[in-house]
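Report on one structure; see the data block that follows.
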Amino acid sequence: MEHEVLARLVIADYLRDCGYKVFEAANSDEAVTMLQAPDVAIDIVFSDVQMPGDMDGFRLARWIRAHHPGVRVILTSGVERSADIAATLCEAGPLLEKPYAPQSVVDRIRQLMAKAATKP
């Protein structure tokens, strides 16, 4: 989830090129709608902390933990002080600081998927 269109397109295209199925959301409202859709299976949400809509990335991560505990969350931000809060909400460690390399997002996704595969 990224409200900056160009940034969202770049990372979404990169993830698709790496073989991932990607659903894009410009704000938290769109993300929640997708997460609640019965015909959409989402394993990981990658979201900016600063987002338009009813929820910022932190509130969205808390909502996901409460309503979809099996969905992993990766947060990103250009604001350094967000790291401590993100670390408590994300299983893969602290948030990815902007600007991030697209490969670092893929590495974090792989880490989360491997961790999920080892859980009973």
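The values are calculated or read from the model by the stated rules, or taken from the named source; none is laboratory data. Just so you know, these numbers come straight off a predicted model, no measurement behind them. No Cβ is skipped: glycine too gets one built from the backbone with ideal geometry, and neighbour counts run over all protein chains shown.
Filtering region 19-62 to residues that are free of Cβ contacts under 8 Å to residues at least 40 places away in the same chain, surrounded by 16 or more Cβ atoms within 10 Å (Cβ to Cβ), closer than 23 Å to Lys115 by Cβ and of a type outside the set (Gly, Ala, Ser) leaves Leu35, Ile42, Phe58.
None of Ser82, Ser104 is over 12 Å from the mean Cα position of the chain (by Cα), at pLDDT 90 or above, among the hydroxyl-bearing types (Ser, Thr, Tyr) and under 21 Å from Ala7 (Cβ atoms) except Ser104.
What residue, of Glu2, Glu97, Glu91, Glu30, is at pLDDT below 80 and over 11 Å from the mean Cα position of the chain (by Cα)?
The conditions single out Glu91.
Residues in region 1-18 that are out of contact with any strand residue (DSSP E or B) (no Cβ under 9 Å at 6 or more places or on another chain), free of Cβ contacts under 8 Å to residues at least 60 places away in the same chain and exposed (fewer than 15 other Cβ atoms within 10 Å of the Cβ): Val5, Leu6, Leu9, Asp13, Arg16, Asp17. Against the list (1) closer than 17 Å to Ala116 by Cβ; (2) surrounded by fewer than 20 Cβ atoms within 10 Å (Cβ to Cβ); (3) modelled with pLDDT of 90 or more, the condition Arg72 fails is (2).
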